[in-house]
Amino acid sequence: GRQLAQKARDLLAYLRRQEHEPSLSALSHTLQAGREEMDARAAFVVDSLPQLEARLDAFCRGEPEIEACFRGDAGRDGDEFASLVRDEDMRETVERWIARGKLERLAEMWTRGLELDWSRLRNGGAARLISLPAYPFARERYWIADRRKPRQTGAAAALHPLLHENASDLARQRYVSRFDGGEFVFADHML
């Protein structure tokens, strides 16, 4: 969902800022083979980078109907497609699509969870990986309670009795402690 939309925006920005256009084959190979496949998917069947830019731009603007653009959720449809591929007739159909270069049909089915060996569409041509924007992981936090210890409260419980707050940042490591004189470490040091 959101990560796919962000990935499309990142890729569009990348293409627009390149002084020298990457080859379409290197770009497609990197996106197909150099990235982990996620559940939310979009596929564009294009003949040129300007065509890809135009369709990515339409996708980023939320246009519902884009020529040769396919969207799907492999997480929702993946089990259905996994069982389809086990069917001998379906495997033969996919093989025929690959042999005939039916890219739109393959792209549509891939977005819904069909597993494809993309290298078979390159007719043995050399492919190289290029540097592209990284995947935009969702910025969500999950905390896991340690059930082996009794639950403690307060910032000091999570660190050390003499360290009350972790105030570290990317530039330096730093801890803060505040004492009122009543702490156990001062008991034998009072005048």
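Within the stretch 22-73, how many residues turn out to be farther than 17 Å from Arg122 by Cα and of a type in the set (Val, Ile, Thr)?
Counting residues in the stretch 22-73 that are farther than 17 Å from Arg122 by Cα and of a type in the set (Val, Ile, Thr) gives 1.
All but one of (1) modelled with pLDDT under 85; (2) outside any helix (DSSP H, G or I); (3) surrounded by fewer than 16 Cβ atoms within 10 Å (Cβ to Cβ) hold for Gly62; which doesn't?
Tallying (1) modelled with pLDDT under 85; (2) outside any helix (DSSP H, G or I); (3) surrounded by fewer than 16 Cβ atoms within 10 Å (Cβ to Cβ), Gly62 fails exactly one: (1).
Hey, any hits in the stretch 6-21 for a residue that's assigned to a loop (DSSP other than H, G, I, E, B) and within 17 Å of Leu121 (Cβ to Cβ)?
Going residue by residue through the stretch 6-21, those that are assigned to a loop (DSSP other than H, G, I, E, B) are 18-21.
Filter once more, keeping what is within 17 Å of Leu121 (Cβ to Cβ): none.
No, the stretch 6-21 contains no residue that is assigned to a loop (DSSP other than H, G, I, E, B) and within 17 Å of Leu121 (Cβ to Cβ).
When residues of the stretch 30-59 are filtered for being open to solvent by less than 30 Å² (accessible area, probe 1.4 Å), part of a helix (DSSP H, G or I) and in contact with a helix residue (DSSP H, G or I) (Cβ under 9 Å, 6 or more places away or on another chain), how many remain?
Residues flagged as open to solvent by less than 30 Å² (accessible area, probe 1.4 Å), part of a helix (DSSP H, G or I) and in contact with a helix residue (DSSP H, G or I) (Cβ under 9 Å, 6 or more places away or on another chain) within the stretch 30-59 amount to 4.
Under 6 Å between Cβ atoms, which residue pairs at least 6 apart in sequence (or on different chains) link something in the stretch 44-61 that is in contact (Cβ under 8 Å) with a residue 12 or more places away in the chain with a partner that is among the acidic types (Asp, Glu)?
Note: pairs meeting the criteria are Val45/Glu104; Leu49/Glu21.
The values are calculated or read from the model by the stated rules, or taken from the named source; none is laboratory data. As the structure is a prediction and not an experimental result, all values here were calculated from the model. So basically every Cβ, Gly included, is an ideal-geometry build from the backbone, and we count neighbours across all protein chains shown. Accessible surface is based on the protein model in full, side chains and every heavy atom, while ligands, DNA and RNA are left aside. Shrake-Rupley method; radii C 1.70, N 1.55, O 1.52, S 1.80 Å.
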